[in-house]
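The values are calculated or read from the model by the stated rules, or taken from the named source; none is laboratory data. Just so it is clear, the structure is predicted and the values come from calculations on it, not from any experiment. Because the Cβ atoms are built from the backbone with ideal geometry, glycine has one as well, and the counts that use them run over all protein chains shown. Keep in mind that these areas ignore ligands, DNA and RNA; they rest on the heavy atoms of the full protein, side chains included. Shrake-Rupley method; radii C 1.70, N 1.55, O 1.52, S 1.80 Å.
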Amino acid sequence: MRKFFLALSVTAMLFAAGCEKSPGNGTDIRVPEQVLSAFNGMYPDAVDVEWSARGTYWVASFDDAEQTRSAAAAERSEAWYDSAGKWYMTEQDTVRDRLPAAVEEAFAGSAYADWKIDDIDVIRRDGVAVIYVIEVEGVSDGVHREVDLYYSEDGVLVKEVVDSDDDYSGYIPSRPASSVREAVEQKYPGAKITDVEEDDGVIEVEIVDADRIFRELYFSLGMEWLLTKTEMKYSALPEKIRTALESSEYGNMRVDDIDHYLRASGEEYYIFELDSRDDDISVKVTADGTVSRASDDDMDLPMEGGGVSGDFIREFVSGKYPGAVIKEIDEDDGYIKAEILHDGLEKEVYFNGKPEWVRTEWDVRYGMLPDAVKNTLAGWREIDDITYVETPDAVYYEAEVEENDRDRIVRVLPDGTLMQ
């Protein structure tokens with residue numbers, strides 16, 4: 001289990017007889033009686049209990065006596081309560097051998113199957129589905145990354161987070177799942193709720209439906225359904241949609257991402273993010289097969305990056321890119337991505353799960369490259385997708401090239417130096 005401590009947190013050992021705790025450093029805290037009562041009722045076999053105050057929550061870290069007696073693998077747990085004794089979440093260490101078969105199968109078939117597993121946690125929350133988090137580390141495109149993969153019990157990947165802050169507190173639903181369950185059931189019978197967030201007058205509910213498809217639902221505060229967004233695989237598209245795109249002027253472009261939109265107005269369509277050598281574009285294909293360039297309104301979501309992360313992102317963008325307009329905030333391959341318009345250019349600003357700024361990138365044409373960069377790239381016959389990248393440590397050009405009949409990503413500094 002991940003260990004994280006807020007600067008003002010105070011940890012304490014639980015005395016067997018009472019509610020006063022001492023961490024052994026001369027500081028005593030008192031856990032509310034109703035919190036202790038709720039915890040003891042839920043976990044009567046808990047041993048080696050330590051309490052900490054984290055924000056507005058009381059958190060008990062403990063072992064299970066039965067597991068200890070049976071010499072089972074150590075599975076330290078943390079249970080989260082508010083001051084009234086209401087339980088919100090329990091996170092527990094586990095091992096790969098104890099993963100549900102569906103989760104093991106999904107992970108083994110993922111792009112991260114060969115990466116090193118650092119940690120596995122089980123997250124249980126009030127009113128929502130159980131989630132398994134597999135923390136892995138490895139190298140992708142020459143960059144070392146740590147990624148948290150969130151799976152439902154039936155093996156559906158519901159979230160991917162790069163370089164998280166080792167803190168599940170943000171995964172506690174901000175609105176009770178019981179208040180949205182009926183609305184979800186009416187729209188998607190048999191669906192399992194995996195998360196609920198309320199912000200800016202809109203409720204976002206993440207579900208795994210009866211067909212094991214992950215979807216994002218948006219409701220008004222009055223629980224009126226507004227929109228469903230579903231990420232799609234190309235192979236899962238209706239044949240009519242595939243044919244429409246392939247026979248259009250965009251048919252030869254590479255598909256990077258696909259989202260299906262279903263709005264309360266009855267409008268249904270697919271948004272394709274497409275890559276080419278000169279530009280990345282978004283294309284809309286309606287249910288009847290009509291193909292057109294997508295507008296900002298087509299991709300608009302009722303809630304875009306609310307909460308702590310959204311506030312951080314908006315503050316960062318306004319400071320680093322004065323005058324920039326944020327068009328959309330969304331998740332992308334484990335990162336939080338803000339699409340902005342700045343100095344007449346469309347830029348993508350990426351943040352990890354801490355959140356921290358990771359990089360900003362935008363497309364550039366070959367003719368705009370410095371001569372030194374052109375000279376370096378001249379060693380490759382086929383060059384696609386040239387991007388200018390800013391990071392906290394460097395700026396460089398990134399290009400996709402063809403080498404020995406395989407695609408490769410190369411990075412070149414402005415002075416023409418090829419990065420390793």
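I'd like to know if the range 402-410 contains one or more residues that are open to solvent by less than 40 Å² (accessible area, probe 1.4 Å), in contact with a strand residue (DSSP E or B) (Cβ under 9 Å, 6 or more places away or on another chain) and not β-branched (Val, Ile, Thr). The answer is no; no qualifying residue exists. Restricting the first member to the range 270-282 and to residues that are closer than 28 Å to Leu227 by Cβ and modelled with pLDDT of 90 or more, and the second to residues that are open to solvent by 30 Å² or more (accessible area, probe 1.4 Å) and part of a loop (DSSP other than H, G, I, E, B), the beta-carbon pairs closer than 6 Å and six or more apart or on different chains are Leu274/Met253. In the condition set (1) more than 23 Å from Val158 (Cβ to Cβ); (2) at pLDDT below 95; (3) surrounded by 19 or more Cβ atoms within 10 Å (Cβ to Cβ), Gly222 is compliant with all but (3).
Please find, among Leu245, Leu217, the residue that is assigned to a strand (DSSP E or B), in contact with a Phe, Trp or Tyr (Cβ under 8 Å, 6 or more places away or on another chain), at pLDDT 95 or above and not polar (S, T, N, Q). Before you say what the answer is, go through the steps one by one.
On the way: Leu245 fails: assigned to a strand (DSSP E or B).
Residue meeting the stated conditions: Leu217.
Pairing each residue of the range 41-63 that is closer than 17 Å to Thr94 by Cα with any residue that is of a type in the set (Phe, Trp, Tyr) and open to solvent by less than 60 Å² (accessible area, probe 1.4 Å), provided the two are 6+ apart or on different chains, yields C-beta distances under 6 Å for Ala46/Phe62. Would you confirm whether or not the range 70-83 contains a residue that is within 17 Å of the chain's Cα centre (by Cα) and free of Cβ contacts under 8 Å to residues at least 12 places away in the same chain? No, every residue in the range 70-83 fails to be within 17 Å of the chain's Cα centre (by Cα) and free of Cβ contacts under 8 Å to residues at least 12 places away in the same chain. Given the condition part of a helix (DSSP H, G or I) and not hydrophobic (A, V, I, L, M, F, W, C), answer yes or no: does some residue in the range 188-206 qualify? No - not one qualifying residue is present in the range 188-206. Selection of strands (runs of 3 or more DSSP E) fully inside the range 322-391 by the criterion of at least 3 residues being open to solvent by less than 30 Å² (accessible area, probe 1.4 Å) and in contact (Cβ under 8 Å) with a residue 12 or more places away in the chain returns 335-342, 345-351, 383-390.
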